[in-house]
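Asker: Starting off with a structure, shown below.
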Amino acid sequence: MDKDFVGKMKESLLRLKQEIIDTLVSNNEDFRAIVEGLDPKDVADIASDDIDRKMLETIGSKDMKRMRLIDSALTRIEQGKYGSCMRCGKKIPKERLEAIPYALMCIECQSADERRNR
């Protein structure tokens, strides 16, 4: 993957993560109190830090799964493994990553996985 594309995807992932946090802040007073007590630079790291268990309880299972996938994708970027299918190792098409920046698998492996889990 070229560095410009990976940089663009990293920005997209960080933006998605911030949107989840912003939604939680606007919908949950307890979460808002926790976030307001943090330094602004720490807000993007909230979900990956075990600062406060109560905060993590406020995150719905769907948002928690997305947050984990986003964090996983950010880790893969740092490790230089972003854009490779976690199952077969082939490159994930850029179009797929633009649609789902935290995609773990190529379309073929994802489809096979979904068929298996039906």
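Asker: Assess whether K41 counts as being part of a helix (DSSP H, G or I) and modelled with pLDDT under 70.
Answerer: Considered against the rule, which asks whether it is part of a helix (DSSP H, G or I) and modelled with pLDDT under 70, K41 comes out as yes.
Asker: Mind checking which pairs have a first residue in the stretch 60-82 that is surrounded by fewer than 13 Cβ atoms within 10 Å (Cβ to Cβ) and a second that is modelled with pLDDT of 95 or more, Cβ under 6 Å, 6 or more apart or different chains?
Answerer: Between residues of the stretch 60-82 that are surrounded by fewer than 13 Cβ atoms within 10 Å (Cβ to Cβ) and residues that are modelled with pLDDT of 95 or more, there is no close pair.
The values are calculated or read from the model by the stated rules, or taken from the named source; none is laboratory data. These numbers come from a predicted model, not from an experiment. With ideal geometry, Cβ positions are generated from the backbone for all residues, glycine too; neighbour counts draw on all protein chains shown.
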